[in-house]
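In what follows, a single structure is set out as structure tokens and then discussed.
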């Protein structure tokens, strides 16, 4: 099995306020294999133009770093108002930038929490609107040789993303794919390994993030954890990723915070019609493991407001742990 490269997502180090070149330098100094730019922190007066992208690509190439790009969107609505939104121009710009950087994918994250809002349109309506918008972008993305990688965020389950790809007539590796965020799957009531298997043919990029799932009187609470300290079983996941996609990268994303999943509310739970009893049993087992780690003092929620002080050292430990697991080393 090929050992996968391990890098870092820019969002993890956002409190450090690093420019793109400083972020690449940080990667070199901390033995990361690359950077995924979920966002670009530009110095004053700097534009993301061809010269900038060529210089960034050259610096990465000199230091044998991969670059992955963000800036894509897949929901053609303004989520605060519900009004239509044209996402074609932004996706073309992001895809052109990715192509100039030599990246074959652009991460797409529309940042919704639709299921948590009773006034939101139904998931079926979102899927219908997305399919209509994304089908029109097929030619553009294929011409540029770039896959729009929809992140497994707090928006759609793996089942729904597979249905979306079918609605778009998108085969694996064609023009739509997945950025697999491992911890976000917990928040969407999915076992990370099972969800990854459902999405495996479409995975093109990753956000490797550990986490926990705690049962409380208000429902389940998911939260981030230092890599190797939470309940996500990275060993088999990395092995299956390497077998299916030998050139995929393991990009560490980490941050503080927790998320309430109000499963005690029948109306909320009804918005997850694909959740099966066997998968719910697996989630219950993960919650039991989380509780044991919490009670033993081996795991704790890191509040978001404490992330700036903790981020650099924790991300360094994340990188070390993910590399160790990917290489099959114990301890």
Checklist entry - Only one of 76, 84 is farther than 30 Å from residue 323 by Cβ, crowded, with 16+ Cβ neighbours inside 10 Å and touching a strand residue (DSSP E or B) at 6+ places or on another chain (Cβ under 8 Å); which? => result 76
Next on the checklist: Can you report the number of residues in the stretch 27-45 which are surrounded by 15 or more Cβ atoms within 10 Å (Cβ to Cβ) and either touching a helix residue (DSSP H, G or I) at 6+ places or on another chain (Cβ under 7 Å) or within 16 Å of residue 71 (Cα to Cα) (or both)?
Outcome noted: 8
Checklist entry - What number of residues in the stretch 281-326 are surrounded by 12 or more Cβ atoms within 10 Å (Cβ to Cβ) and either within 21 Å of the chain's Cα centre (by Cα) or assigned to a loop (DSSP other than H, G, I, E, B) (or both)? => result 26
Checklist outcome for this item: The one condition residue 173 fails out of (1) modelled with pLDDT of 95 or more; (2) closer than 25 Å to residue 149 by Cα; (3) surrounded by fewer than 24 Cβ atoms within 10 Å (Cβ to Cβ) is (1)
Next on the checklist: Only one of 313, 294, 269, 319 is without any contact (Cβ under 8 Å) to a residue 60 or more places away in the chain and either touching a strand residue (DSSP E or B) at 6+ places or on another chain (Cβ under 7 Å) or more than 25 Å from residue 34 (Cα to Cα) (or both). Can you tell me which?
Outcome noted: 269
Item to check | Selection count where residues are over 15 Å from residue 59 (Cβ atoms) and in a loop (DSSP other than H, G, I, E, B), scope the stretch 1-41 | outcome: 10
Next on the checklist: residue 199 - would you say it is over 18 Å from residue 246 (Cα atoms) and in a helix (DSSP H, G or I)?
Outcome noted: no
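The values are calculated or read from the model by the stated rules, or taken from the named source; none is laboratory data. Since we're looking at a predicted model, the values are computed, not measured. Virtual Cβ from ideal backbone geometry, glycine too; neighbours counted across all protein chains shown.
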